[in-house]
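Only one structure is covered here, and it is reproduced in the block below.
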Amino acid sequence: MDSVSQLVLGAAVAISTLGRRTALWKAALWGGIAGTLPDLDALINHGDAILNMVLHRSESHSLFYLTALSVPLAWAVSRLHGEPHLLTRWWLALWLALITHPLLDWMTVYGTQLLLPFTNFPYAVGSVFIIDPLYTVPLLVGVLAALLLRRSRGLAWARTGLGVSTVYLAWSVVAQHQAVNQIMASPPEPHLQPHQLLVTPAPFNTLLWRALAVTPTHYYEGYTSLMDGGRPVRWTQHPRGADLYTQHQASPLVDRVARFSHGFFKMSEAGGEVFITDLRMGNEPTYTFHFNLGPAAQIAAGRHITTQQWQRPDLATALPWLWERMWGRDVTLPSASRPVQ
């Protein structure tokens, strides 16, 4: 999730846990810091754009390592504020602020390596978008109220905001399940298997859902809104670059993207250079993680440093479409092509 969400989540968790045992501003400050700490790994440059992607949300988001970090952090904070008698409570508050960060990230589609060092599998529920005001605003209001109001009333606001945001996360899972049912009622191909389908929310909401279905040679993109009233999904078909993948699948970087994306990727070629794209984040034809692997010969020799090429949508057309489509209105995405259903 975005940094603001993580900061106010950490602050709300710490306030709710410490309660009236210490000043609420102390709890908010250190909870916000603990809630932000795991994302500092984004500042590390691993020397390659693909490595930067797959190594984000790794050790710094491990429940094991964050639990180990919580002990010295709580010891330092309790002594900094002259509250050694609250060491156990500070530990509980900061531990919860630390581990709720990766647990919230787990709800997005990116992939969070929660169980390092035991496995580097990138876990992802994919039921919330990386920025969702309906999740963040209750937390933000609760934390601000806790800092501005008297202690008892402020504490109640913080706990209420945390409760509302948690219920919203639960709702997102229910909404995702409903969206999957609607999508499977009109799949792009018969006998589509669950591992071939990815369903994630469109930006900023949990009413409109993007569906991505993959086969060895093609992928299909479609949208369904919970307000559609049973209308069939309109799919578009696109090539995955199967021949390019066969040619370059031995490349460690290609293999990393294939595994990290759980198979939801495509390959393409332009201007003598080969590209690989994570299809989970973005929509056709603009994707966040679109990588230039370089010329084929350099890929084979392992000499090319991968670069990320951002593909940004036209917000002037995308945002009005998003608003209309979210409410179940049958409007076509401006970039859609090759309809198949």
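The values are calculated or read from the model by the stated rules, or taken from the named source; none is laboratory data. Everything numeric in this text was worked out from a predicted model, so none of it was measured. All Cβ positions, glycine included, derive from the backbone under ideal geometry; neighbour counts span all protein chains shown. Surface areas here come from the heavy atoms of the whole protein model, side chains and all, with no ligands, DNA or RNA. Shrake-Rupley method; radii C 1.70, N 1.55, O 1.52, S 1.80 Å.
General observations
- Accessible area per residue (1.4 Å probe, heavy atoms of protein chains only) ranks 183, 299 as 299, 183, with the largest value leading.
- Stretched out straight at 0.36 nm per residue, the stretch from residue 329 to residue 118 would grow longer than its current Cα-Cα span by 71.3 nm.
- Annotation: extensible slack from residue 76 through residue 29 equals 15.5 nm (criterion: 0.36 nm per residue apart, minus Cα-Cα distance).
- Amide H contacts under 5 Å for residue 123, placed H, 5+ residues apart: 112, 113, 114
- Of the trypsin sites (Lys or Arg not before Pro) found in the range 13-72, not one falls in a DSSP loop while having at most 12 other beta-carbon atoms within 10 Å.
- With Cα atoms, 0 to 90° folded angle of helix 133-148 axis to the chain main axis: 20
- Rounded, prolate or oblate (a/c below 1.5 giving rounded, otherwise prolate when a/b exceeds b/c) for the range 97-136 by Cα gyration tensor: oblate
- The range 84-209 - accessible surface per residue (Å², probe 1.4 Å): 48
- Trypsin sites (Lys or Arg not before Pro) lying in DSSP loop within the range 93-195, provided at most 13 other Cβ fall within 10 Å: 150
- The overall shape of the chain is oblate: from the C-alpha gyration tensor, with semi-axes ordered a ≥ b ≥ c, the ratio a/c is 1.5 or greater and a/b is no larger than b/c.
- Helix 151-184 and the long axis of the chain differ in direction by around 20°, with both axes built from C-alpha atoms.
- Under-5 Å amide H pairs with residue 225, H placed in peptide plane, nonlocal only: 209
- Solvent-accessible area, 1.4 Å probe, carbon plus sulfur percent, for the range 96-139: 81
- Here r is the Cβ-Cβ distance between residue 185 and residue 217 and R0 is 25 Å; the resulting FRET efficiency, rounded to 0.05, is 0.55.
- With the simple model of a label 7 Å out from the Cα in the direction of the Cβ, residue 310 to residue 153 spans 4.3 nm.
- Rounded to the nearest 20 debye, dipole of the chain from Cβ charges on Lys, Arg, Asp, Glu: 1220
- Annotation: amide H-H contacts under 5 Å for residue 235 (H modelled 1.01 Å from N, sequence separation of 5 or more, or interchain): 340, 341.
- Two-site FRET efficiency, residue 166 against residue 4, from Cβ-Cβ distance with R₀ of 22 Å, rounded to 0.05: 0.80
- Considering only the range 189-239, percent of DSSP beta bridges that pair antiparallel, nearest 5: 100
- Coil-residue chymotrypsin sites (Phe, Trp or Tyr not before Pro) of the range 112-161, DSSP, other Cβ within 10 Å capped at 14: 118
- Tensor-based shape of the range 183-255 (alpha-carbon gyration tensor, a/c under 1.5 rounded, otherwise prolate or oblate): prolate
- Relative contact order of the chain, pairs being alpha-carbon contacts under 8 Å that are 6 or more residues apart, as %: 14
- Between helix 87-106 and the chain: long-axis angle, C-alpha atoms, 0 to 90°, nearest 10: 10
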